Amino acid sequence: MENQKPPFNRRKFLTNAAKIAGVGAAGFIYMKGCNNEPSEVEPGPGNKHVFLTNPYLVTLESSKAYIRCITNLKAYSWVEYGETEKLTNKEHATTNGLVNANTRIHEIELSDLKPGTTYYYRVASKNIIEFQPYKVVYGETIYSKFYQFKTMDEQVAETSWLILNDIHDVRGSYEHMIGLNKNEPFDYVFLNGDMYDDIENEDQVIELMIKPCAETFAAEKPMIFVRGNHDIRGKYAREMLNYFSFPKGPFFTYRHGPVFVIVLDTGEDKEDAAAVFAGLVDCEAFRKKQATWLETVLQSDEYKNAPYKVVKMHIPTHYTTGGKGELHCRELFTPLFNQYKVDLVISGHTHKWGVYPPNDIHQYPLVIGGGPRTGARTLIKVKANMQQLKLQMLDDSGKQVGEYLIKR
């Protein structure tokens, strides 16, 4: 859906970044050099080396976690972690025999983790002042605060998660909407598309989604993201993918407790040939590829044996305005959802919340979250155990505006 975005204040962002560089980001400890370092160590440049956000993480598997951070200077970064606050393990990222370094956007994969286990961690980074073939000069080393997270667990008896959609760059939405959950426990947050409103630059990527998510929940609760049609628009949309972890690709499955989740990337709501895309969109083939993959998933024992089967996708299969991309989603996915009896489909996109029980056309319940304006935003809460799956939808005043219950 089209939406007018609020003006992005680049000057304010740069001013704040300069303030951070001058006094150090709150909560971070700065240390010079690094022990046992064979390369030269020198003080950092005039601008301090800082993290631009808190770390943020993704977990989709019971044995792995993906932790990200963004620095203002090119650096080498790593994660110190463990099952206690002693942080007895250290991990960095490598690619084809080389340690990932001399970059500002960092992702470190932690593997061989235990299911359903709490881990403590902090991120460390040292900027690279000089990078020659036989000489590397490091600057200062910085450390994040200590955080903790819990790995996924297919065998856990109960799971709960939160869903946001269609934020469209509206400032304060993440903090406000997650705050509506109060102190109720949740395992992760799912971002169901159109979190941005046409992506133009890195400042927007960081300041209007990553930073508020990392400060609100994503340093300790996983942030799982699927793109909406607005998230793939704008000159920086292709670079945006560098900032997020998609360990299984842009469409994927995961299992947590009794719920098997299928995530689809529905692409654009317009036809690929629309003049505004200038020949640079190919979502129809992308959706067809997903439909072929989806049928294989729906035939799998992993799907069949799960107590609940939930699909999350930005563009809903029904109750849209009828754009060609929207109708293509209906054509491809509704027959499969009907045939293989998915339990629930959760979407966004229309900016109008709704709960639609099964009928003769879509034989599965369809829930659509609202947004992005005040009064139209929604927080979806899902809790499932072996007896039932319960969905609640709150508006941005905290009032319940929708619910759906599935009993086994």
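A few points about this structure:
- Full-extension gain in nm, Arg238 to Lys74, via 0.36 nm per residue minus C-alpha separation: 57.0 nm
- Across the accessible surface of the stretch 261-408, with the other protein chains kept in place and a 1.4 Å probe, carbon and sulfur atoms take up 50 percent.
- In Å², nearest 10: area of Arg330 left accessible to a 1.4 Å probe: 80 Å²
- Distance between modelled label sites at Gln363 and Thr103, nm, 7 Å Cα→Cβ extension: 4.6 nm
- Top of Leu162, Leu280, Leu336 by mean-square fluctuation, Gaussian network on the chain, Cα under 10 Å: Leu280
- Here the simple spin-label model places points 7 Å from the Cα toward Cβ, and for Leu280 and Gln339 these points are separated by 3.6 nm.
- The length gained by stretching the chain between Tyr143 and Gln392 to full extension, at 0.36 nm per residue less their Cα-Cα distance, is 85.8 nm.
- Per DSSP, loop trypsin sites (Lys or Arg not before Pro) in the stretch 77-119 with at most 10 further Cβ within 10 Å: Lys86
- In nm, spacing of pseudo-spin labels at Gln400 and Glu175 (7 Å Cα→C-beta vector): 2.9 nm
- Residue of Lys288, Lys341, Lys135 that the Gaussian network model of the chain assigns the largest fluctuation, springs spanning Cα pairs under 10 Å: Lys135
- 5 angstrom amide H check on Asn72, placed H, neighbours 5+ away: Val50, Leu52
- 13 Å beta-carbon shell around Asp112, net charge (K/R +1, D/E -1): -2
- Ranked from largest to smallest solvent-accessible area, with a 1.4 Å probe on the protein heavy atoms, Thr84, Thr141 come out as Thr84, Thr141.
- Most fluctuating residue given options Leu87, Leu344, Leu57, as computed from a GNM of the chain linking Cα atoms under 10 Å: Leu87
- Cut-off under 5 Å, modelled amide H: who pairs with His256 long-range: Val261
- Distance between the stretch 274-309 and the stretch 359-408 - C-alpha centres, whole angstrom: 23 Å
- The residues of the chain expose, per residue, 44 Å² of accessible area to a 1.4 Å probe.
- Counting only alpha carbon atoms, the long axis of helix 324-340 and the longest principal axis of the chain meet at about 70°.
- The stretch 143-217: trypsin sites (Lys or Arg not before Pro) falling in loop per DSSP and having at most 10 other Cβ within 10 Å: Lys182
- With Cα atoms, 0 to 90° folded angle of helix 10-23 axis to the chain main axis: 40 degrees
The values are calculated or read from the model by the stated rules, or taken from the named source; none is laboratory data. Owing to the predicted nature of the structure, the values given are computational and were not obtained by experimental measurement. Here the Cβ is made from the backbone with ideal geometry for all residues, glycine too, and neighbour counts use every protein chain on show. What goes into the accessible areas is simple: the full protein's heavy atoms, side chains included, and nothing from ligands, DNA or RNA. Shrake-Rupley method; radii C 1.70, N 1.55, O 1.52, S 1.80 Å.
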